[in-house]
Structures are given as C-alpha cells and as structure tokens.
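Single-structure report; data block below.
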Amino acid sequence: MPENLSYRWGSKASGSHDQMRLSVADIQAEVRELKQRGVQFEEFDFPGFDKATSIALVDDHWAAWVRDTEGNQLVIVQLPVGAMDRPVP
C-alpha cells in the first residue's frame, strides 16, 4: 500500500459504522500487541463479545474494534480459512 494514502471526505465522521476493515491472520496476537502499545479497544455488550480480550465472534469471523483520532470506527478481523481476502500466515 502506498504511504500516506488518504482521501479527504467532505463530512464529519459519524462513528456509527465501520470506516475501514483490516484483515489479519491471528487476531488474538494482533490485539494483544496493539494493547501493549496503548491502543484502546471498544467494548460491547452482545453475545459472542469477550470483554477480557476485546474480541468478538461475529457470524463466521473474529472481530475487534478501535476508533481513530477522528472518531472513525475501524475493525480488525480474522476471516475463516478460504475467505477471499484472508491473509496468509
């Protein structure tokens, strides 16, 4: 991906839906490392969400959410084996 790739949007972030999805091969390792670096993850109260890890099982994949400095909601996902955009470990 090119460095400093950005797009200026004309409206303010609503934070009501995911703005970007990042696929990873091992969500537990990624979330653990990001937490060690000070990243704060969103917490939710719904079936499948584990507050201890900040990771949820959603349908067929694992997910964890953060907000950027502008309030945009970003989601980190671990997709099932065979998914089209699943990264290779």
Among Ala63, Gln36, Met20, whose Cα sits farthest toward the positive end of the charge dipole of segment 18-78 (+1 at Cβ of Lys/Arg, -1 at Cβ of Asp/Glu, about the Cα centre)?
Gln36
What is the distance, in nm, between label points placed 7 Å from the Cα along the Cα-to-Cβ direction at Ala25 and at Arg37?
1.8
From the backbone phi of segment 61-74, what are the Karplus-calculated ³J(HN,Hα) couplings (6.51 cos²θ - 1.76 cosθ + 1.60, θ = phi - 60°) in whole Hz, Gly and Pro given as x?
9, 9, 8, 9, 10, 9, 10, 7, 5, 9, x, 6, 8, 10
Which residues' amide hydrogens lie under 5 Å from the amide hydrogen of Val58, considering only partners 5 or more residues apart or on another chain, with H built in the peptide plane?
Ala63
Report the full-extension gain for the segment Lys51 to Ala83: residue separation times 0.36 nm, less the Cα-Cα distance, to one decimal in nm.
8.9 nm
Provide Ser54, Ser23 in ascending order of the number of other Cβ atoms located within 10 Å of each residue's Cβ, fewest first.
Ser23, Ser54
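Just so you know, all these numbers are worked out from the coordinates, no wet-lab data involved. Quick caveat: nothing in here was measured; it's all calculated off a predicted structure. Every residue, glycine among them, receives a Cβ derived from its backbone with ideal geometry; neighbour counts consider all protein chains shown.
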